[in-house]
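The values are calculated or read from the model by the stated rules, or taken from the named source; none is laboratory data. None of these values were measured; they are calculated from a predicted model. As a convention, Cβ positions derive from the backbone with ideal geometry for all residues, glycine included, and neighbour counts pool all protein chains shown. Note: areas computed on protein heavy atoms with side chains; ligands, DNA, RNA excluded. Shrake-Rupley method; radii C 1.70, N 1.55, O 1.52, S 1.80 Å.
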Amino acid sequence: MTTAMRAPEPVRLATLDELRGQIRRKGKLKGRQPDHVALEEVQALLGPGPHRRDLLIEHLHRLNDEWQCLHDRHLVALAREMNLPMAEVFEVATFYHHFEVLRGDDQPAALTVRVCDGLSCELAGARDLLQRLPAILGADMRVIAAPCVGRCEQAPVAVIGQAPVVRATAANVKAAVDQDARAHGLPADDGVFDAAAAGPVSITSSPEETAPAYVGYQAYQARGGYQLAAAVASGARPADDVLKTMTDSGLRGLGGAGFPAGRKWGIVRQQMAPRLMAVNIDEGEPGTFKDRTYLERDPHRFLEGLLIAAAVVGIDACYVYLRDEYHGCRAILERELALLQANPPCALPRIELRRGAGAYICGEESAMIESIEGKRGEPRMRPPYIAQIGLFGRPTLEHNFETLYWVRDIVERGAAWFSDFGRNGRHGLRSFSVSGRVREPGVKLAPAGITLRELVDEFCGGMLPGHDLYAYLPGGASGGILPVSMSDIPLDFDTLQPHGCFIGSAAVIVLSQKDRARDAALNMMHFFEHESCGQCTPCRVGTGKAAQLMAEPNWDHATLEDLNQVMVDASICGLGQAAPNPVRCVQKYFPHEVL
């Protein structure tokens, strides 16, 4: 017997009006759909699309500069314009310190004043300045602490908008605010500067100026600039000869890692094309300001070094990553790059200038690459190494600014010119950023292997009156702390590791008998805690916990050492791995301070 099949009853989902209501409600979901006013504002600022994904941070900067903050309504509109998930735009915007995301109708402060709380500025009175300024400037001004802004020789430093106030006092900061001095002026391009010709010399001696005259494009060419780059690009100067000279010179990466430059060129040169270059000018190590000093005086010597490296290695495109704190340097590079590209001395690779956004971690090469790609600046796991798979998945030559700065002089003058400098069995020149308790802080171009005592006496005019040498940091926040009894160690790559320290980018901070090494170590640990990207637990949690323990009168050495070992063994990148260095140095060389 068969049973007749009955058609299923229709299921009512919604009426037409109910469906329209659902669509209207979804269209009003906060944080999802942009309002037409915000969308028009973003479109007017950025221009017509499509917009490249890797320019996300550049677009965030344009919004931030225009409105002095990032309104959430503009972030929603930007996500629509770039065809990106809102969550992705928001997570990038909130990662970087120089972006302030505001919700709804919240408005930014009338003006933001940042006071550097790095060690050199703290020694010069920054903490007192931070406490006094809010009452002096008024409630509509925002006064905040900022990590090292790269002007340690001019400490203490405040930054009003984008304008630095050096040797800052409550009076001169108030005067600058009253004058609405919030932009960094563009200096004259008629400067005269040639560090190589001067040889070992004090490049700066605690200058007050913030915008020195620099060597512009025409002046640089008039003195023989770009002739070598043109010869290499045309083949008149064989690339193999240049590579050999670089290798024979012994030049090592001057950003801190110290990898031989010639060897790095050879490795990337062997990789499959297209090859890219990423230049690191995210000079965020506390105590370091050498790259800024050279860049704001002689930008084309760096650019010519970049072109020579690009020609030898076979680079298709170069990305120059400049820290956001260097507003004056950015204005110089924008102007001079435009002049170079308008009247090139030879065939140029594509050169793009990228702006950091206040994240020390982006000084790590793979984190910098992530940031250039428009992402959060989080270090990558290795291998693969960026020489094989780097920027946009291509083989990438990564260099620090100063490494490229010396290329022209080394190739023109010969490998022996560079390697013949040196003391105490070391070879080459080093640019030391010296700050702290010395008479004449600044950048000192000195022989590699010079000792701290020699550096202070011969290049810095000795200690400040009333101050005696007590301790020093040979390599910034990461490089550890050594006592006066060890001030005769040659300062160079590989000489400090046996003592638990390293030279890094040669950021030397000098302490006197009026300072304590434990206070310096705590300042550095607060810095690491603030700058940890948060990707790995040992660094994110370990730096904060270590700072808490170090604030106690008597240190819990066993617990601190447990934290130290975990950070060294399990952190993804050098930030967490190097954070314990100052702690261990205090425990080893200054035990009387932490009993």
> What percentages, rounded to whole numbers, describe P(r) for the range 30-105 computed over all alpha carbon pairs with 10 Å bin width beginning at zero?
Replying inline: 20, 63, 17
> Of 188, 226, 212, which is farthest on the positive side of the dipole of the range 173-260, counting Cα position, with +1 on Lys and Arg Cβ, -1 on Asp and Glu Cβ, and the Cα centre as origin?
Replying inline: 226
> What FRET efficiency do you get for residue 128 and residue 530 if R0 is 22 Å and r is their Cβ-Cβ distance, rounded to the nearest 0.05?
Replying inline: 0.60
> Which FRET efficiency value, to the nearest 0.05, is calculated for residue 140 and residue 424 with the Förster distance at 60 angstrom and r the Cβ-Cβ distance?
Replying inline: 0.60
>> What is the distance in Å between the Cα centroid of the range 230-278 and that of the range 293-356?
In response: 17 Å
>> Can you compute the equivalent ellipsoid semi-axes for the range 437-529, i.e. the square root of 5 times each eigenvalue of the Cα gyration tensor, sorted largest first and rounded to whole Å?
In response: 19, 17, 12
> What value does the range 112-205 have for Rg/Rh, both radii from Cα atoms and Rh as Kirkwood defines it?
Replying inline: 1.07
>> With every atom except the alpha carbons ignored, what do you get for Rg and Dmax of the chain, in angstroms?
In response: 26.3, 114
> Given a Förster distance of 35 angstrom, what is the FRET efficiency for residue 248 paired with residue 352, based on the Cβ-Cβ distance and rounded to 0.05?
Replying inline: 0.65
> For q = 0.10, 0.11, 0.24 Å⁻¹, what log10 I(q)/I(0) does the range 320-413 give under the Debye formula with an equal point scatterer on each alpha carbon and no solvent?
Replying inline: -0.32, -0.39, -1.32
>> Show me the three semi-axes of the equivalent ellipsoid for the range 272-390, from the C-alpha gyration tensor (sqrt of 5 times each eigenvalue), largest first, rounded to whole Å.
In response: 22, 20, 11
> Put 589, 319 in order of accessible area, largest first, 1.4 Å probe: what do you get?
Replying inline: 589, 319
> the range 151-214: which GluC sites (Glu not before Pro) are DSSP loop and have at most 10 other beta-carbon atoms within 10 angstrom?
Replying inline: 208
> With every protein chain kept in the model, how would you rank 531, 552 by accessible area, 1.4 Å probe, largest at the top?
Replying inline: 552, 531
> Please identify the chymotrypsin sites (Phe, Trp or Tyr not before Pro) of the range 242-298 that satisfy two criteria: DSSP loop assignment and at most 10 other Cβ atoms within 10 Å. Which are they?
Replying inline: none
> Which three lengths, in whole Å and largest first, does the range 39-169 cover when its Cα atoms are put on their principal axes?
Replying inline: 48, 29, 23
>> Let me understand the range 309-348 better: what is its radius of gyration from the alpha carbons, and its Dmax, in angstrom?
In response: 12.1, 32
>> Given a 1.4 angstrom probe, I'd like the percentage of the accessible area of the range 94-222 that is carbon and sulfur, rounded to a whole number.
In response: 48 percent
> Relative to the present Cα-Cα distance, how much length would full extension add between residue 201 and residue 499 at 0.36 nm per residue of separation?
Replying inline: 104.5 nm
> How much accessible surface area, in Å² rounded to 10, belongs to the heavy atoms of residue 86 with a 1.4 Å probe?
Replying inline: 40 Å²
> When only alpha-carbon atoms count, how far does the range 163-269 stretch along each of its three principal axes, as whole angstroms with the largest first?
Replying inline: 57, 34, 27
> When the Debye formula is applied to the Cα atoms of the range 549-595, each taken as the same point scatterer, what base-10 log of I(q)/I(0) results at q = 0.15, 0.16, 0.21, 0.33 Å⁻¹?
Replying inline: -0.38, -0.42, -0.69, -1.22
> Taking every pair of alpha-carbon atoms in the range 211-270, what share in percent sits in each 5 Å bin, from 0 to the bin with the longest distance?
Replying inline: 4, 16, 16, 17, 17, 18, 10, 2, 0
> Along each of its three principal axes, how wide is the spread of alpha-carbon positions in the range 281-333, in whole angstrom units, largest first?
Replying inline: 34, 20, 18
> How big is the charge dipole of the range 514-595 about its Cα centre, in debye rounded to the nearest 20, if each Lys and Arg gets +1 on its Cβ and each Asp and Glu gets -1 on its Cβ?
Replying inline: 140 debye
> Taking amide hydrogens as modeled 1.01 Å from N in the peptide plane, which residues meet the under 5 Å criterion relative to residue 182, leaving out close sequence neighbours?
Replying inline: none
> Which of the peptides 581-587, 190-196 is most tightly packed, and how do the rest follow, going by the mean number of other Cβ atoms within 10 Å of each residue?
Replying inline: 581-587, 190-196
> Given the protein chains as shown and a 1.4 Å probe, how many square angstrom of residue 127 are accessible, to the nearest 10?
Replying inline: 140 Å²
> In the range 31-76, which GluC sites (Glu not before Pro) are in a loop and have at most 13 other Cβ atoms within 10 Å, using DSSP for the loop call?
Replying inline: none
> Label-point separation (nm) for residue 565 and residue 169, each offset 7 Å from Cα along Cα-to-Cβ?
Replying inline: 5.2 nm
> Just the C-alpha atoms of the range 374-533: what Rg/Rh do they give, with Rh taken as the Kirkwood radius?
Replying inline: 1.02
